[in-house]
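What follows is one structure encoded as structure tokens, with my remarks underneath.
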């Protein structure tokens with residue numbers, strides 16, 4: 001019995017020591033979650049790192065251009081404490097605004113707090129040379145069908161774009177539980193890809209019940225959620241507009257940013273509610289009418305060639321169109337030389353609807369779980385509609401083959417369509 005007692009006591013001590021060791025290891029990791037990176041100004045030399053702080057304090061981001069041993073945070077060249085923090089809808093959000101970054105450069109980072117160190121993450125700035133192509137994903141309405149949303153996020157990670165333009169309606173109801181699920185799903189864009197976090201550029205949708213959502217979750221640089229972001233030097237100016245506040249009140253900003261960037265190769269507005277939604281009851285709302293009256297002419301005068309819209313839960317592309325007096329055809333005429341291509345309208349997890357209105361200038365419209373994929377150079381913008389539900393079967397792209405079209409990818413419609421928009425008015429639209 002004494003021998004058994006000794007063995008029992010030894011076993012208890014061993015288990016206790018193991019528990020202590022596991023507790024120590026567990027506590028050696030920083031309690032951070034929901035990591036994200038935002039392009040809120042200039043993607044060539046600025047980026048914002050954000051995360052949710054579960055516990056602990058004295059947070060610091062250590063970062064640099066060398067991929068150091070994860071446990072050796074002191075080897076990183078730079079460190080910075082949060083510029084701003086907030087407590088919002090059950091999350092403690094911290095944001096570190098990085099400035100003076102090198103263009104076209106990978107930055108590796110860890111977050112260190114009083115409880116330890118996080119995993120290593122990284123992101124990449126865009127080139128500041130407009131001779132370099134850009135790959136962008138655009139879409140929105142990820143609301144309520146989690147399986148579809150998750151597959152879309154996984155596909156986004158596999159396509160490895162320079163940035164994701166998210167055009168509103170992140171969740172179905174603007175509450176803590178839904179946002180936490182969204183951020184949990186967002187990890188699918190990076191957790192299987194060496195923790196490479198794709199920068200996001202956000203716009204507000206009607207299911208974001210307040211402008212504070214974008215400010216507190218994504219450090220949006222505008223309290224009213226309208227602002228611009230430049231990528232690739234003078235290659236593209238991204239314009240984020242807010243359809244949930246006064247449309248006309250944004251005209252001054254819109255005119256200014258269009259004029260300031262008139263020498264850029266491209267300007268791409270994104271806003272949530274479509275100007276001419278392909279759902280009849282959506283047409284009756286005052287917002288599409290206000291957009292038509294206030295923004296479209298400004299786009300056309302500035303030479304905008306493409307616009308990203310969402311909200312209707314359908315997939316559509318238009319031929320190039322210009323504003324007209326043709327009320328029977330939605331107030332637009334097709335104009336292959338001077339027109340704007342409108343793409344959308346939000347199928348990233350929201351319940352799909354069947355388009356019940358079309359115009360002569362509607363190129364394609366249907367109900368398909370999908371987002372848009374833009375490949376842009378100085379002369380041409382290619383827009384593909386990616387039906388992402390087969391994301392599991394796609395081999396992901398790397399920085400070396402970023403512009404390749406993956407085998408087995410499902411493109412809508414007809415599994416091959418690409419919209420080609422040329423910068424020169426003498427080039428034909430397709």
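Pairs please, first residue from region 178-197 and in the same structural domain as residue 159 (by TED's automatic domain parsing) and at positive phi, second anywhere and modelled with pLDDT of 95 or more and buried (at least 20 other Cβ atoms within 10 Å of the Cβ), Cβ atoms under 6 Å, 6+ apart in sequence or on different chains.
Every condition considered, the pairs that remain are 195/121.
State the number of residues belonging to region 281-295 that are assigned to a helix (DSSP H, G or I), touching a strand residue (DSSP E or B) at 6+ places or on another chain (Cβ under 8 Å) and in contact (Cβ under 8 Å) with a residue 40 or more places away in the chain.
Total satisfying the criteria: 2.
Quickly run through region 225-243 and pick out the residues that are crowded, with 21+ Cβ neighbours inside 10 Å, in a loop (DSSP other than H, G, I, E, B) and either on the phi > 0 side of the Ramachandran plot or in contact with a helix residue (DSSP H, G or I) (Cβ under 9 Å, 6 or more places away or on another chain) (or both). Break it down into steps so the answer makes sense when it comes.
Applying the first criterion (crowded, with 21+ Cβ neighbours inside 10 Å) to region 225-243 yields 225-232, 235-243.
Add one more test, that the residue is in a loop (DSSP other than H, G, I, E, B), and what stays is 225-226, 232, 235, 241-243.
Selection gives 225, 226, 232, 241, 242, 243.
Please go through region 178-216 and pick out each residue that is over 13 Å from the mean Cα position of the chain (by Cα), closer than 19 Å to residue 98 by Cα and not in a loop (DSSP other than H, G, I, E, B).
196, 215, 216
What's the total number of residues in region 244-272 that are part of a loop (DSSP other than H, G, I, E, B) and crowded, with 23+ Cβ neighbours inside 10 Å? Break it down stepwise before answering.
Start the filter on region 244-272 by keeping residues that are part of a loop (DSSP other than H, G, I, E, B), which leaves 244-247, 261-265.
Going one step further and asking which of them are crowded, with 23+ Cβ neighbours inside 10 Å, we end up with 247.
The qualifying residues number 1.
Restricting to region 202-224, what's the tally of residues that are out of contact with any helix residue (DSSP H, G or I) (no Cβ under 9 Å at 6 or more places or on another chain) and more than 24 Å from residue 312 (Cβ to Cβ)?
Total satisfying the criteria: 4.
Is it the case, given these coordinates, that residue 153 is crowded, with 21+ Cβ neighbours inside 10 Å, at pLDDT 95 or above and more than 23 Å from residue 285 (Cβ to Cβ)? It would help to see each step written out before you state the result.
Values: crowded, with 21+ Cβ neighbours inside 10 Å: yes; at pLDDT 95 or above: yes; more than 23 Å from residue 285 (Cβ to Cβ): yes.
Yes: the conditions hold for residue 153.
Scanning for something more than 19 Å from residue 127 (Cα to Cα), part of a strand (DSSP E or B), touching a residue at least 40 places away in the same chain (Cβ under 8 Å) and touching a helix residue (DSSP H, G or I) at 6+ places or on another chain (Cβ under 8 Å), does region 375-384 turn up at least one residue?
no
For region 307-319, state whether one or more residues are in contact with a strand residue (DSSP E or B) (Cβ under 8 Å, 6 or more places away or on another chain), touching a residue at least 12 places away in the same chain (Cβ under 8 Å) and more than 18 Å from residue 372 (Cα to Cα). It would help to see each step written out before you state the result.
Applying the first criterion (in contact with a strand residue (DSSP E or B) (Cβ under 8 Å, 6 or more places away or on another chain)) to region 307-319 yields 307-319.
Checking the rest, the ones that are also touching a residue at least 12 places away in the same chain (Cβ under 8 Å) come to 307-319.
With the extra rule that they be more than 18 Å from residue 372 (Cα to Cα), the set shrinks to none.
No, region 307-319 contains no residue that is in contact with a strand residue (DSSP E or B) (Cβ under 8 Å, 6 or more places away or on another chain), touching a residue at least 12 places away in the same chain (Cβ under 8 Å) and more than 18 Å from residue 372 (Cα to Cα).
Does residue 143 meet the test of being in contact with a helix residue (DSSP H, G or I) (Cβ under 7 Å, 6 or more places away or on another chain) and either assigned by TED's automatic domain parsing to the domain that holds residue 387 or part of a loop (DSSP other than H, G, I, E, B) (or both)? Even if it seems obvious, please write down each step before you answer.
Numbers: in contact with a helix residue (DSSP H, G or I) (Cβ under 7 Å, 6 or more places away or on another chain): no; either assigned by TED's automatic domain parsing to the domain that holds residue 387 or part of a loop (DSSP other than H, G, I, E, B) (or both): yes.
Considered against the rule, which asks whether it is in contact with a helix residue (DSSP H, G or I) (Cβ under 7 Å, 6 or more places away or on another chain) and either assigned by TED's automatic domain parsing to the domain that holds residue 387 or part of a loop (DSSP other than H, G, I, E, B) (or both), residue 143 comes out as no.
So, in region 88-107, exactly how many residues are on the phi < 0 side of the Ramachandran plot, out of contact with any strand residue (DSSP E or B) (no Cβ under 8 Å at 6 or more places or on another chain) and in a loop (DSSP other than H, G, I, E, B)? Working first, answer last.
Here is the first cut: in region 88-107, the residues on the phi < 0 side of the Ramachandran plot are 88, 91-99, 101-103, 105-107.
This time we only want the ones that are out of contact with any strand residue (DSSP E or B) (no Cβ under 8 Å at 6 or more places or on another chain), so: 88, 99, 102-103.
From what is left, the residues that are in a loop (DSSP other than H, G, I, E, B) are 99, 102-103.
Residues that pass the stated criteria total 3.
Considering every residue within region 56-64, establish whether at least one is surrounded by fewer than 20 Cβ atoms within 10 Å (Cβ to Cβ), outside the structural domain of residue 406 (by TED's automatic domain parsing), within 19 Å of the chain's Cα centre (by Cα) and in contact (Cβ under 8 Å) with a residue 40 or more places away in the chain.
Looking through region 56-64, none of the residues is surrounded by fewer than 20 Cβ atoms within 10 Å (Cβ to Cβ), outside the structural domain of residue 406 (by TED's automatic domain parsing), within 19 Å of the chain's Cα centre (by Cα) and in contact (Cβ under 8 Å) with a residue 40 or more places away in the chain.
Given the conditions (1) over 25 Å from residue 222 (Cα atoms); (2) surrounded by 15 or more Cβ atoms within 10 Å (Cβ to Cβ); (3) out of contact with any helix residue (DSSP H, G or I) (no Cβ under 8 Å at 6 or more places or on another chain), report the number of the one that residue 98 does not fulfil.
Result: residue 98 passes all but (1).
Can residue 343 be described as in a strand (DSSP E or B) and either touching a residue at least 12 places away in the same chain (Cβ under 8 Å) or in the same structural domain as residue 143 (by TED's automatic domain parsing) (or both)?
Values: in a strand (DSSP E or B): yes; either touching a residue at least 12 places away in the same chain (Cβ under 8 Å) or in the same structural domain as residue 143 (by TED's automatic domain parsing) (or both): yes.
Criteria met by residue 343.
Tell me whether region 72-82 contains one or more residues that are within 27 Å of residue 209 (Cα to Cα) and at pLDDT 95 or above.
Within region 72-82, the subset within 27 Å of residue 209 (Cα to Cα) is 82.
Pick out the ones that are also at pLDDT 95 or above and you get 82.
Yes, some residue in region 72-82 is within 27 Å of residue 209 (Cα to Cα) and at pLDDT 95 or above.
The values are calculated or read from the model by the stated rules, or taken from the named source; none is laboratory data. Here the structure is a predicted model, which is why all the values come from computation and not from measurement. Every residue, glycine as well, gets a Cβ built from its backbone with ideal geometry; the counts of neighbours run over all protein chains shown.
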